[in-house]
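Colleague: After the structure tokens below, expect a handful of questions from me.
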Amino acid sequence: MFKSMDLYKGIVLVCLLLLPVSLGYLWYVRGQRTAALAAVDAAEKSKGELDKIGEAIRKLETVASNSSRGGDAESYRLYFERWITGSAKSGISTNDFQLTNETPSAVPNNAKAEDLTVGVTFKRAGKEFDLPRDFIHAVALNCESGGSQIWKLRTLKMRNADVLELTKQKKAPPKTVGDNWKLERLEFARRRPKQRAS
């Protein structure tokens, strides 16, 4: 068979031998193309990879923006003093409230981050005093949305002063009560990468 082989017969023989290889390669490329198209469709869907990438970019931009505006560099005490006193129409000074130290706590399901929590208590001459509800709401809103926007409301517990007093006296509260509130707990928190032990 090979004795009478010439160039043309050789080319035909090589083509016949390479035909299954070519068909196998085409089948492989078609499978890769199908997988690539499926991946593109999945990425473009709502909550797909492109959305996740966009969300990560927005978070990084927020961190960069906060850093450029002095988010961590600004003392948290000055930050809260400014927004709490700015929330009051009148009558609240920096002597009327106290701030706790930043307390770090672990973030559930996130070993790389921690939360720093700051508590606010309102006391005048060492005694707690009642606050109007609109002031409490203004403090929560302004401390969250003001400045670098890195502090978020963690805990807010307040009870109506009139109802609390009547409860102590074991009396039923009236249909309408005043707008003075005992602020029992107010905490804000911010998240940061966990600090490495040095």
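The values are calculated or read from the model by the stated rules, or taken from the named source; none is laboratory data. Just so it is clear, the model here is predicted, and its values are computed rather than measured. Cβ coordinates were reconstructed from backbone atoms using ideal geometry, including for glycine residues, and neighbour counts include every protein chain displayed. In case anyone asks, the SASA skips ligands and DNA or RNA and just uses the protein heavy atoms, side chains included. Shrake-Rupley method; radii C 1.70, N 1.55, O 1.52, S 1.80 Å.
Colleague: Kindly indicate whether any position in the stretch 155-170 is under 24 Å from R191 (Cα atoms) and either among the hydrophobic types (A, V, I, L, M, F, W, C) or modelled with pLDDT under 85 (or both). Give the steps one after another, and end with the answer.
Modeller: Taking the stretch 155-170 as the starting set, the residues that turn out to be under 24 Å from R191 (Cα atoms) are 155-157.
Those left that are additionally either among the hydrophobic types (A, V, I, L, M, F, W, C) or modelled with pLDDT under 85 (or both): 156.
Yes, the stretch 155-170 has at least one match.
Colleague: Continuing with this model, one more query. Can you tell me how many residues in the stretch 144-187 are open to solvent by less than 30 Å² (accessible area, probe 1.4 Å) and farther than 20 Å from D130 by Cβ?
Modeller: Residues in the stretch 144-187 being open to solvent by less than 30 Å² (accessible area, probe 1.4 Å) and farther than 20 Å from D130 by Cβ: 3 in total.
Colleague: Just give me the residues in the stretch 17-26 being loosely packed, with under 10 Cβ neighbours inside 10 Å and among the hydrophobic types (A, V, I, L, M, F, W, C), in sequence order. Steps first, answer last, please.
Modeller: First pass over the stretch 17-26, keeping only residues loosely packed, with under 10 Cβ neighbours inside 10 Å: 17, 20-21.
Hits for the stretch 17-26 are L17, V21.
Colleague: Here is a further query. Inspect all residues belonging to the stretch 29-42 and state whether any of them is assigned to a helix (DSSP H, G or I) and more than 40 Å from the chain's Cα centre (by Cα). Walk me through how you get there before you give the answer.
Modeller: Here is the first cut: in the stretch 29-42, the ones assigned to a helix (DSSP H, G or I) are 29-42.
From the residues that got through so far, the ones that are more than 40 Å from the chain's Cα centre (by Cα) too are 29-30.
So far as the stretch 29-42 goes, yes, one or more of its residues are assigned to a helix (DSSP H, G or I) and more than 40 Å from the chain's Cα centre (by Cα).
Colleague: Somewhere in the stretch 132-139, is a residue open to solvent by 30 Å² or more (accessible area, probe 1.4 Å) and within 18 Å of Y76 (Cα to Cα)?
Modeller: Residues of the stretch 132-139 open to solvent by 30 Å² or more (accessible area, probe 1.4 Å): 132-134, 137.
From the residues that got through so far, the ones that are within 18 Å of Y76 (Cα to Cα) too are none.
Within the stretch 132-139, not a single residue is open to solvent by 30 Å² or more (accessible area, probe 1.4 Å) and within 18 Å of Y76 (Cα to Cα).
Colleague: Just checking, which of L99, L153, L131, L164 is touching a Phe, Trp or Tyr at 6+ places or on another chain (Cβ under 7 Å), without any contact (Cβ under 8 Å) to a residue 24 or more places away in the chain and among the aliphatic types (A, V, I, L, M)? If you could, list the steps in order and put the result at the bottom.
Modeller: Working: L153 fails: without any contact (Cβ under 8 Å) to a residue 24 or more places away in the chain; L131 fails: without any contact (Cβ under 8 Å) to a residue 24 or more places away in the chain; L164 fails: touching a Phe, Trp or Tyr at 6+ places or on another chain (Cβ under 7 Å).
Matching residue, one of L99, L153, L131, L164: L99.
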